[in-house]
Amino acid sequence: MTVAIKKVGVIGSGQMGNGIAHVAALAGFDVVLNDVSADRLKSALATINGNLTRQVAKKTISEDERKKALDRIASAEALDALADCDLVIETAIEKEETKRKIFHEVCAVLKPEAIVATNSSSISITRLAASTDRPEKFIGIHFMNPVPAMELVELIRGIATDDMTFDTAKAFVARLGKQVAVSEDFPAFIVNRILLPMINEAIYTLYEGVGNVEAIDAAMKLGAHHPMGPLELADFIGLDTCLSIMQVLHEGLADSKYRPCPLLVKYVEAGWLGRKTQRGFYDYRGDRPIPTR
Ligand SMILES: NC(=O)c1ccc[n+]([C@@H]2O[C@H](COP(=O)([O-])OP(=O)(O)OC[C@H]3O[C@@H](n4cnc5c(N)ncnc54)[C@H](O)[C@@H]3O)[C@@H](O)[C@H]2O)c1
C-alpha cells in the first residue's frame, strides 16, 4: 500500500535541494522549493534551468519537458507554502538543531497524512523523527550528489517508520528513475560510513605531509581508478558537510578512528567550504582549480 504523491515540498535550496527539485519536477511532481534565503532560491532556480538546458542540449530531454518541469517548480521563503504537500523532503544544512526546528515548524502547517523525509547524510532518523508529530510517517530519503546524475538513493527507516511510508518512499524513488539501497539507521548509513572516513584519511595524509593535494588526488584517480580525487570530492560535497558527518560518526560510534582531521576543522573555520565558497582544498576563483596546499 502506498500514499498518492502529487506535490512535493523541498526545504533547503542548496546543491542538494535544487537537484531534488529538478528530478522531482522532471518526473511530473509539482514542487515547492523553500529556503530561508531569497538569494539561494533565486540561484537554485537559475541552476535548475541551466542543468535542464544542458540536458536538452544532450538530447536526454526535450525542450517541452524542460519548460514543463520549470513550470512545475514554485519557490517560497515561508513554510506555509508547503501546507498542501503530500511529501516534504528536508535538505537544509547538516545541523541537527536546524533540522529539528524545521520539522517542528513545518509539521504545524502540514496535513496529518503528509509524509516527512530528511536528506540528512548522517543524523539518526529515529532521533529526527522524534522531533516531529508523526514518527511513523518519517523516513530518510538520502540522495547522492549531483542528484540528476547519480543513480542511487538510500532509504532509512526510523524505529517507528510504518510500512506505508516506506513503500511510498520506495515508489517515489522509482518514479524518479533511481535505484534504492536500504540502510539501517546507524550513523552516516552505508555510503557515507564508507566514503567519509576515506576522505578524512586523505585529509590526514595531507595534514601529515605524506603528499600534497595534487599527489593525493592523482594517487587515488590513477592508482585506484576513482573518478575524482578524495580532496576534489570533499570540495564537491562541501567541507562543512564532511565535517558534520565525521562528527556524527565520531560521537555516534565513539571510536577514535572517526576523529575529524584538525586540518578539515581549520578549513571549515576559515569558511573555505569547497566549491560552494570557491575555496577549499582547491581555489576555484581563476580559470582552473589551483591546489591550496
Ligand atoms: N553535499 C552533498 O554531497 C550531500 C549529499 C547527500 C546529502 N546531503 C545532505 O543534504 C543537506 C543539504 O546539503 P547541501 O550540500 O545541499 O548544502 P548547501 O549548503 O548547498 O545548502 C543548504 C541550504 O539550506 C538552506 N537553509 C539553511 N537553514 C534553513 C532553514 N532553516 N530552512 C530552509 N533552508 C535552510 C541554506 O540557505 C542553503 O541554501 C545536508 O543535510 C547534507 O548532509 C549532502
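Inspect all residues belonging to segment 58-76 and state whether any of them is in contact with a strand residue (DSSP E or B) (Cβ under 7 Å, 6 or more places away or on another chain) and within 13 Å of the ligand (Cβ to nearest atom).
Taking segment 58-76 first, the residues in contact with a strand residue (DSSP E or B) (Cβ under 7 Å, 6 or more places away or on another chain) are 72-76.
Going one step further and asking which of them are within 13 Å of the ligand (Cβ to nearest atom), we end up with 75-76.
Yes: one or more hits.
Going through (1) near the ligand (Cβ under 10 Å from one of its atoms); (2) surrounded by fewer than 20 Cβ atoms within 10 Å (Cβ to Cβ); (3) touching a residue at least 12 places away in the same chain (Cβ under 8 Å); (4) not aromatic (Phe, Trp, Tyr) one by one, Val109 falls short only on (1).
Would you be able to tell me the number of residues in segment 20-42 that are part of a helix (DSSP H, G or I) and out of contact with any helix residue (DSSP H, G or I) (no Cβ under 8 Å at 6 or more places or on another chain)? Talk me through it step by step, then tell me what you get.
Residues of segment 20-42 that are part of a helix (DSSP H, G or I), as a first pass: 20-26, 38-42.
Then drop every residue that is not out of contact with any helix residue (DSSP H, G or I) (no Cβ under 8 Å at 6 or more places or on another chain), which leaves 20, 23-24, 38-42.
Summing the residues that are part of a helix (DSSP H, G or I) and out of contact with any helix residue (DSSP H, G or I) (no Cβ under 8 Å at 6 or more places or on another chain) in segment 20-42 gives 8.
Pairs linking a residue in segment 204-216 that is farther than 13 Å from Glu232 by Cβ to a residue that is exposed (fewer than 14 other Cβ atoms within 10 Å of the Cβ), with Cβ atoms under 8 Å and 6 or more positions apart or on different chains, are Tyr207/Pro262.
Could you list, in sequence order, the residues of segment 151-190 that are among the β-branched types (Val, Ile, Thr) and within 16 Å of the chain's Cα centre (by Cα)? First the steps, then the outcome.
Keep residues of segment 151-190 that are among the β-branched types (Val, Ile, Thr), which gives 153, 156, 159, 161, 165, 168, 173, 180, 182, 190.
Answer for segment 151-190, where residues must be among the β-branched types (Val, Ile, Thr) and within 16 Å of the chain's Cα centre (by Cα): Val153, Ile156, Val173, Val180, Ile190.
Among the conditions (1) more than 25 Å from Pro148 (Cα to Cα); (2) surrounded by 17 or more Cβ atoms within 10 Å (Cβ to Cβ), the only one that Ile245 does not satisfy is (1).
Residues of segment 1-38 being within 6 Å of the ligand (Cβ to nearest atom) and over 17 Å from Leu82 (Cα atoms), which ones? It would help to see each step written out before you state the result.
Let us first name the residues in segment 1-38 that are within 6 Å of the ligand (Cβ to nearest atom), namely 11-17, 34-37.
Answer for segment 1-38, where residues must be within 6 Å of the ligand (Cβ to nearest atom) and over 17 Å from Leu82 (Cα atoms): Gly14, Gln15, Met16.
Quickly run through segment 256-287 and pick out the residues that are under 14 Å from Met198 (Cα atoms) and part of a helix (DSSP H, G or I).
The initial filter retains those residues of segment 256-287 that are under 14 Å from Met198 (Cα atoms), namely 257-261, 264.
Within segment 256-287, Lys257, Tyr258, Leu264 meet the criteria.
Residue check: is Ser43 of a type in the set (Ser, Thr, Tyr), in contact (Cβ under 8 Å) with a residue 60 or more places away in the chain and within 10 Å of the ligand (Cβ to nearest atom)? Criteria not met by Ser43. Tallying residues that are over 11 Å from Val3 (Cβ atoms) and exposed (fewer than 15 other Cβ atoms within 10 Å of the Cβ) within segment 158-174 yields 3.
The set of residues in segment 82-106 being more than 12 Å from the ligand (Cβ to nearest atom) and surrounded by fewer than 20 Cβ atoms within 10 Å (Cβ to Cβ) consists of Ala83, Asp84.
Contact map, segment 53-66: first residue in the same structural domain as Gly28 (by TED's automatic domain parsing) and in a helix (DSSP H, G or I), second residue polar (S, T, N, Q) and surrounded by 15 or more Cβ atoms within 10 Å (Cβ to Cβ), Cβ cut-off under 9 Å, separation 6 or more or different chains; pairs are Glu65/Gln55; Arg66/Asn49; Arg66/Gln55.
Pull up segment 133-157, narrow it to residues that are within 16 Å of the ligand (Cβ to nearest atom) and assigned to a loop (DSSP other than H, G, I, E, B), then point me to the one that is surrounded by the most Cβ atoms within 10 Å (Cβ to Cβ). Only one residue tops the list, namely Val147.
The values are calculated or read from the model by the stated rules, or taken from the named source; none is laboratory data. Just so it is clear, the model here is predicted, and its values are computed rather than measured. Every residue, glycine as well, gets a Cβ built from its backbone with ideal geometry; the counts of neighbours run over all protein chains shown.
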